[in-house]
Amino acid sequence: MDNKFIDAMQFRHATKEFDVTKKISDEAFKEILEMGRLSPSSFGFEPWKFLVIQNQTLREKLKAFSWGAQGQLPTASHFVIILSRKKKDMLYGSNYVQHMLQDIKQLPEDVIALYNDFYEKFQKEDFNLLESDRALFDWATKQTYIALANMMTGAAYMGIDSCPMEGFDTQSLETFLKDELNIDTDAFGASVMVAFGYRKEEPREKTRQVSEDIITWYH
């Protein structure tokens, strides 16, 4: 059976170094960003922000504390830092949550009231997200990984390579975000980085566990 989605998944691999002579077109990269923007998120609150770092001076500064991006930062056609919103914005009743419900979703007031009650219960009881600021931030970062996956798989479908990276010093990156990019680090923290471009070399064959080891059916 011909399945182009599976073909894209087979094509995708964590590209450590890109061909610097090949660049992604503006139109194609806008489509990749749109795949991230249109991604689903819990409660539809879209807790992400995408920073596209094309400036080589900024990339060089990033390289100093991003040990997992040493080959990608100098060679990637496009380099993205995905941010996640922190407790300030993701806490029930926050201005950001109300903005999403009122201005983006444009829900009627009675539905917003129900939404707020349910979201508060979800945070306090169902997922116990208020035990620490980190718990709420980590829950929000899980949503950004949905966008990350869609962008990488979508790029692979287009014949574009990528590499996700968590190999960075979070405190140094937060300082970089604040001092170099003027990001409000009370509201946002770094979730993950991802590089896009075209592979310099063909990767080795993809390896994965067999289906029987990871899938259990209950009939």
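Per-residue answers, yes or no, for (1) more than 15 Å from residue 48 (Cβ to Cβ); (2) touching a residue at least 24 places away in the same chain (Cβ under 8 Å):
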site	(1), (2)
123	yes, yes
126	yes, no
140	no, yes
144	no, yes
147	no, yes
153	yes, yes
156	yes, yes
162	yes, yes
165	yes, yes
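Counting only residues that are surrounded by fewer than 16 Cβ atoms within 10 Å (Cβ to Cβ) and touching a helix residue (DSSP H, G or I) at 6+ places or on another chain (Cβ under 9 Å), which one in the range 64-87 is farthest from residue 119 (Cα to Cα)?
Going through the qualifying residues, I end up with 74.
Taking into account only those residues within the range 32-59 that are open to solvent by 30 Å² or more (accessible area, probe 1.4 Å) and of a type in the set (Phe, Trp, Tyr), which is nearest to the chain's Cα centre (by Cα)?
Of everything passing the filter in the range 32-59, 50 is nearest to the chain's Cα centre (by Cα).
For residue 132, which of the numbered conditions (1) farther than 25 Å from residue 24 by Cα; (2) open to solvent by less than 20 Å² (accessible area, probe 1.4 Å) fails to hold?
(2) is the only condition that residue 132 fails.
Do any helices (runs of 4 or more DSSP H) lying entirely in the range 75-148 carry at least 2 residues that are touching a Gly at 6+ places or on another chain (Cβ under 9 Å) and at pLDDT 95 or above, and which ones are they?
109-121
Pairs under 6 Å by beta carbon, first residue more than 16 Å from residue 155 (Cβ to Cβ) in the range 1-24, partner among the hydroxyl-bearing types (Ser, Thr, Tyr) and open to solvent by less than 80 Å² (accessible area, probe 1.4 Å), six or more apart or different chains?
What qualifies is 17/75; 20/75.
Here are some residues: 9, 90. Which one is within 21 Å of the chain's Cα centre (by Cα) and either among the small types (Gly, Ala, Ser) or crowded, with 19+ Cβ neighbours inside 10 Å (or both)? Break it down into steps so the answer makes sense when it comes.
Details: 9 fails: either among the small types (Gly, Ala, Ser) or crowded, with 19+ Cβ neighbours inside 10 Å (or both).
Exactly one residue qualifies, and that residue is 90.
Say we look at the range 170-207 and pick out the residues that are of a type in the set (Ser, Thr, Tyr), modelled with pLDDT of 95 or more and in a loop (DSSP other than H, G, I, E, B); which of these is most open to solvent (accessible area, probe 1.4 Å)? Explain how you work it out, then say what you get.
In the first step, residues of the range 170-207 are kept if they are of a type in the set (Ser, Thr, Tyr); the result is 170, 172, 175, 185, 191, 198, 207.
If we keep only those that are modelled with pLDDT of 95 or more too, we end up with 170, 172, 175, 185, 191, 198.
Filter again for in a loop (DSSP other than H, G, I, E, B), leaving 185, 198.
On the way: 185: 18, 198: 59 Å².
Selected residue: 198.
Mind counting the residues in the range 1-57 that are farther than 20 Å from residue 190 by Cα and aromatic (Phe, Trp, Tyr)?
So the count comes out to 5.
Restricted to the range 176-219, and to residues that are of a type in the set (Asp, Glu) and touching a residue at least 24 places away in the same chain (Cβ under 8 Å), which residue is farthest from residue 165 (Cα to Cα)?
186
Please identify the pairs in which a residue from the range 92-110 that is on the phi > 0 side of the Ramachandran plot has its Cβ atom under 7 Å from the Cβ atom of a residue that is in a helix (DSSP H, G or I), counting only partners at least 6 apart or on another chain.
Every condition considered, the pairs that remain are 93/116.
The values are calculated or read from the model by the stated rules, or taken from the named source; none is laboratory data. Just so it is clear, the structure is predicted and the values come from calculations on it, not from any experiment. Ideal geometry is used to build each Cβ from the backbone, glycine not excepted, and the neighbour counts take in all protein chains shown. We work out accessible area using only protein heavy atoms, side chains counted, and drop any ligands, DNA or RNA first. Shrake-Rupley method; radii C 1.70, N 1.55, O 1.52, S 1.80 Å.
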